[in-house]
Amino acid sequence: MKCTLNSVEESDTGVQPAGIRILRTFQMKNKLVRVGLAETLSTYVMMVFGLGSVAQVVTGGGLFGDYLSINLGFGLGVTMGVHVAGQVSGAHMNTAVSFTMCTFGRLGWKMLPLYITAQMLGSFLAAGRDSEGYAMFKFCSGNFTVSGPKATAGIFATYPAPYISIHVGFLDQVLGTAMLLLCLMALSDQQNSAPAPGTEPLLVGLLVLLIGISMGSNSGYAINPSRDLAPRVFTAMTAWGQQVFRAGNGWWWVPVAAPLVGGLLGGVVYKLFVELHHPREAPRFGGRVQKNSLALDMPWNTVKNRMSPQN
């Protein structure tokens with residue numbers, strides 16, 4: 001694929017085709033802009049596939065998939081999102097991940113507003129796309145509701161099962177996000193069983209799939225504030241109204257606050273049980289110190305240097 005793209009970019013005379021020259025005029029040199037654009041697009045990609053899988057299952061009445069389809073949609077959507085922006089922004093696609101990375105010094109706090117804005121924007125745009133992409137009007141006969149047999153608000157945001165209280169749901173989201181960040185920290189730990197280069201996107205997607213099929217039935221495993229809040233705001237602004245914030249005894253704040261707590265918990269647990277006990281010197285392979293392969297594990301000074309204007 002690389003060779004093909006390179007051969008298309010420049011002709012035999014060394015002159016770039018007109019189309020490439022036109023596209024080059026839109027090239028952004030500012031690293032902050034590049035990171036923001038990449039994070040927005042990666043989140044959008046993840047959410048389009050994830051919300052799209054929910055929409056097909058709900059509006060199709062079981063003809064176009066089931067609960068496993070939703071898990072696969074989000075898991076593979078995460079994989080594609082990491083491929084889109086992994087080497088530019090780290091493809092967090094999750095405010096809880098970005099917040100945890102800031103807490104442990106792997107991302108500067110000054111970068112957090114940029115990441116949150118990009119993630120919220122990507123999720124909001126994806127919600128708008130999925131509201132247009134499926135025949136929800138025909139499914140619910142124009143009656144857009146939050147609950148009931150023809151409810152469609154759950155396509156966009158998560159809502160608790162009837163047997164789940166706010167307290168239990170909060171704990172559910174804390175534990176789910178803790179498992180996410182614990183395993184992400186493990187995948188990025190080069191002094192542990194680090195994945196082979198190039199396999200990280202697939203493994204991160206499988207991790208999200210695993211959380212979905214094991215911990216998703218109680219409240220939809222949002223485990224991500226931006227994944228839940230932005231689409232919920234979209235539904236409130238459109239046909240569903242303010243009921244999306246009142247449903248589930250005011251459930252909306254739980255998938256926003258609980259993942260932040262869970263992310264920190266998962267990171268602390270991994271550090272206390274594993275990472276803090278590594279030998280000080282990184283293991284050497286073939287005479288070289290092995291580098292971190294996951295962008296989310298970069299020390300902030302490395303990220304800052306890469307983003308300096310002279311680079």
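Given a 1.4 Å probe and the protein chains as shown, residue 277 ends up with an accessible area of around 120 Å². Normalising by the residue count of region 21-96, find the relative contact order in percent from Cα pairs under 8 Å and 6+ residues apart. For region 21-96, the relative contact order is 40 percent. The local environment of residue 216, defined by Cβ-Cβ distances under 14 Å, has a net charge of -2 under the rule Lys, Arg +1 and Asp, Glu -1.
Within the assembled protein chains, the solvent-accessible surface assigned to residue 260 is about 50 Å², based on a 1.4 Å probe. Accessible surface of region 30-274, 1.4 Å probe: 69 percent of it comes from carbon and sulfur atoms. In the complete set of protein chains, residue-level accessible area for residue 116 is approximately 60 Å², probe 1.4 angstrom. When 120, 80, 93 are compared by accessible area of protein heavy atoms, the largest-first order is 80, 120, 93, using a 1.4 Å probe.
The values are calculated or read from the model by the stated rules, or taken from the named source; none is laboratory data. Computed from a predicted structure; not experimentally measured. Methodologically, a virtual Cβ is constructed for each residue, glycine included, from the backbone with ideal geometry; neighbour enumeration extends over all protein chains shown. Side chains are part of the model used for accessible areas, which takes the heavy atoms of the whole protein and leaves out ligands, DNA and RNA. Shrake-Rupley method; radii C 1.70, N 1.55, O 1.52, S 1.80 Å.
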